[in-house]
1. In this structure, does Thr110 turn out to be among the β-branched types (Val, Ile, Thr) and more than 18 Å from Trp142 (Cα to Cα)?
2. Can you pull out every residue in the range 124-144 that is in contact with a Phe, Trp or Tyr (Cβ under 7 Å, 6 or more places away or on another chain) and either over 16 Å from Gln72 (Cβ atoms) or modelled with pLDDT under 90 (or both)?
3. Would you check which residues across the range 89-110 are surrounded by fewer than 14 Cβ atoms within 10 Å (Cβ to Cβ) and more than 18 Å from Ala123 (Cα to Cα) and list them?
4. Among (1) assigned to a helix (DSSP H, G or I); (2) without any contact (Cβ under 8 Å) to a residue 40 or more places away in the chain; (3) not hydroxyl-bearing (Ser, Thr, Tyr), where does Val137 come up short?
5. Do we find that Lys114 is in a loop (DSSP other than H, G, I, E, B), free of Cβ contacts under 8 Å to residues at least 40 places away in the same chain and among the basic types (Lys, Arg) in this structure?
6. Take the residues in the range 60-87 that are among the aliphatic types (A, V, I, L, M) and either touching an Asp or Glu at 6+ places or on another chain (Cβ under 8 Å) or within 15 Å of Lys141 (Cβ to Cβ) (or both), then tell me which one is surrounded by the fewest Cβ atoms within 10 Å (Cβ to Cβ).
Amino acid sequence: MNKTKKKKHIADKPVYQEYLDNIPIESEDKMDQVDAMNYIEKEYPETAKEFHKIQFEQWETFCKKQMDYGPQNISMGTGVGEAVNVPLATTALIIRINDKVQRLLNLVVTNKRKAQNEPVEDAFKDLSVYGIIAQIVRNGKWGK
(Lines give C-alpha, C1' and ligand atoms only; values in the text may rest on other atoms or scores of the structure.)
Protein backbone atom coordinates (compact mmCIF):
# COMPACT_ATOMS: atom_id res chain seq x y z
CA MET A 1 0.00 0.00 0.00
CA ASN A 2 1.42 3.37 -1.04
CA LYS A 3 0.79 5.94 1.65
CA THR A 4 1.64 9.52 0.83
CA LYS A 5 2.59 11.80 3.65
CA LYS A 6 0.12 14.64 4.06
CA LYS A 7 1.72 18.06 3.73
CA LYS A 8 1.56 20.33 6.74
CA HIS A 9 -0.11 23.68 6.36
CA ILE A 10 1.22 26.87 7.87
CA ALA A 11 -1.06 27.46 10.82
CA ASP A 12 0.38 30.58 12.41
CA LYS A 13 -2.00 32.95 10.63
CA PRO A 14 -5.68 32.46 9.89
CA VAL A 15 -5.08 34.29 6.61
CA TYR A 16 -3.34 31.15 5.30
CA GLN A 17 -6.67 29.35 5.01
CA GLU A 18 -8.10 32.39 3.22
CA TYR A 19 -5.17 32.21 0.81
CA LEU A 20 -5.96 28.56 0.09
CA ASP A 21 -9.66 29.32 -0.28
CA ASN A 22 -8.87 31.81 -3.05
CA ILE A 23 -7.25 29.13 -5.22
CA PRO A 24 -9.84 28.33 -7.91
CA ILE A 25 -9.37 24.58 -7.86
CA GLU A 26 -11.54 21.77 -6.60
CA SER A 27 -8.59 19.79 -5.32
CA GLU A 28 -8.47 18.02 -1.96
CA ASP A 29 -4.94 19.24 -1.42
CA LYS A 30 -4.65 22.79 -2.65
CA MET A 31 -1.07 22.93 -1.33
CA ASP A 32 0.07 21.62 -4.71
CA GLN A 33 -1.19 24.86 -6.23
CA VAL A 34 0.26 27.31 -3.69
CA ASP A 35 3.02 29.55 -4.93
CA ALA A 36 5.01 29.59 -1.70
CA MET A 37 7.22 32.52 -2.68
CA ASN A 38 4.29 34.78 -3.52
CA TYR A 39 2.53 33.74 -0.33
CA ILE A 40 5.56 34.57 1.88
CA GLU A 41 6.24 37.85 0.06
CA LYS A 42 2.60 38.86 0.53
CA GLU A 43 2.11 37.73 4.13
CA TYR A 44 5.62 38.37 5.49
CA PRO A 45 6.96 41.22 3.36
CA GLU A 46 9.64 42.40 5.79
CA THR A 47 10.95 38.86 6.28
CA ALA A 48 11.02 38.30 2.51
CA LYS A 49 12.79 41.59 1.85
CA GLU A 50 15.41 40.89 4.52
CA PHE A 51 15.95 37.37 3.18
CA HIS A 52 16.60 38.74 -0.32
CA LYS A 53 18.90 41.45 1.04
CA ILE A 54 20.97 38.91 2.97
CA GLN A 55 21.12 36.58 -0.03
CA PHE A 56 22.47 39.40 -2.19
CA GLU A 57 25.06 40.38 0.42
CA GLN A 58 26.21 36.77 0.66
CA TRP A 59 26.39 36.44 -3.13
CA GLU A 60 28.51 39.59 -3.28
CA THR A 61 30.85 38.35 -0.51
CA PHE A 62 31.09 34.92 -2.15
CA CYS A 63 32.14 36.49 -5.45
CA LYS A 64 34.78 38.69 -3.82
CA LYS A 65 36.21 35.75 -1.87
CA GLN A 66 36.29 33.59 -4.98
CA MET A 67 38.35 36.28 -6.68
CA ASP A 68 40.80 36.16 -3.73
CA TYR A 69 40.92 32.40 -3.10
CA GLY A 70 39.83 30.76 -6.34
CA PRO A 71 37.88 27.50 -6.53
CA GLN A 72 40.89 25.35 -5.54
CA ASN A 73 40.39 26.55 -1.96
CA ILE A 74 37.30 24.35 -1.59
CA SER A 75 38.50 21.51 -3.78
CA MET A 76 41.51 20.86 -1.53
CA GLY A 77 43.92 21.12 -4.44
CA THR A 78 42.24 18.32 -6.39
CA GLY A 79 41.34 20.65 -9.25
CA VAL A 80 38.11 22.19 -10.42
CA GLY A 81 35.29 21.07 -12.65
CA GLU A 82 35.44 17.34 -13.35
CA ALA A 83 38.75 16.99 -11.48
CA VAL A 84 37.27 17.86 -8.08
CA ASN A 85 37.44 15.05 -5.56
CA VAL A 86 33.85 15.50 -4.37
CA PRO A 87 34.11 13.44 -1.15
CA LEU A 88 37.30 15.25 -0.13
CA ALA A 89 35.90 18.70 -0.96
CA THR A 90 32.66 17.86 0.87
CA THR A 91 34.64 16.70 3.90
CA ALA A 92 36.62 19.95 3.89
CA LEU A 93 33.37 21.91 3.82
CA ILE A 94 31.92 19.83 6.67
CA ILE A 95 35.02 20.63 8.72
CA ARG A 96 34.62 24.34 8.00
CA ILE A 97 30.92 24.14 8.87
CA ASN A 98 31.75 22.32 12.11
CA ASP A 99 34.30 25.01 13.02
CA LYS A 100 31.60 27.67 12.64
CA VAL A 101 29.05 25.65 14.61
CA GLN A 102 31.56 25.08 17.43
CA ARG A 103 32.37 28.80 17.46
CA LEU A 104 28.68 29.68 17.70
CA LEU A 105 28.06 27.14 20.44
CA ASN A 106 30.99 28.54 22.41
CA LEU A 107 29.97 32.17 22.03
CA VAL A 108 26.19 31.98 22.12
CA VAL A 109 25.36 28.91 24.22
CA THR A 110 28.28 27.96 26.45
CA ASN A 111 29.96 31.23 27.35
CA LYS A 112 27.29 33.70 26.20
CA ARG A 113 29.81 36.40 25.46
CA LYS A 114 30.57 38.87 22.71
CA ALA A 115 33.02 37.73 20.03
CA GLN A 116 36.48 39.25 20.24
CA ASN A 117 37.30 39.11 16.53
CA GLU A 118 34.56 38.61 13.96
CA PRO A 119 30.89 39.10 14.88
CA VAL A 120 28.64 36.09 15.48
CA GLU A 121 26.64 37.15 12.41
CA ASP A 122 29.69 36.41 10.25
CA ALA A 123 29.65 32.79 11.40
CA PHE A 124 25.98 32.50 10.41
CA LYS A 125 26.78 34.01 7.00
CA ASP A 126 29.67 31.60 6.51
CA LEU A 127 27.46 28.64 7.42
CA SER A 128 24.86 29.46 4.82
CA VAL A 129 27.45 30.11 2.10
CA TYR A 130 29.32 26.88 2.91
CA GLY A 131 26.00 25.04 2.63
CA ILE A 132 25.44 26.46 -0.85
CA ILE A 133 29.03 25.72 -1.89
CA ALA A 134 28.61 22.11 -0.71
CA GLN A 135 25.53 21.76 -2.92
CA ILE A 136 27.41 23.22 -5.91
CA VAL A 137 30.30 20.78 -5.33
CA ARG A 138 27.97 17.80 -4.98
CA ASN A 139 26.02 18.87 -8.10
CA GLY A 140 29.29 18.72 -10.06
CA LYS A 141 29.27 22.41 -10.91
CA TRP A 142 32.15 23.70 -8.75
CA GLY A 143 34.68 25.70 -10.74
CA LYS A 144 32.73 25.47 -13.98
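1. The answer is yes for Thr110.
2. Listed by number, the list holds a single entry, Val129.
3. Scanning the range 89-110 gives a single hit, Thr91.
4. Unmet condition: (2).
5. It is true that Lys114 is in a loop (DSSP other than H, G, I, E, B), free of Cβ contacts under 8 Å to residues at least 40 places away in the same chain and among the basic types (Lys, Arg).
6. My answer is Ala83.
Residue-wise test of (1) at pLDDT below 65; (2) among the hydroxyl-bearing types (Ser, Thr, Tyr); (3) part of a helix (DSSP H, G or I); (4) in contact with a Gly (Cβ under 8 Å, 6 or more places away or on another chain).
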| site | (1), (2), (3), (4) |
| --- | --- |
| Tyr16 | yes, yes, yes, no |
| Ser27 | yes, yes, no, no |
| Met31 | yes, no, yes, no |
| Phe62 | no, no, yes, no |
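The values are calculated or read from the model by the stated rules, or taken from the named source; none is laboratory data. Just so it is clear, the structure is predicted and the values come from calculations on it, not from any experiment. Note that each Cβ is placed from the backbone with ideal geometry, even for glycine, and that neighbours are counted across all protein chains shown.
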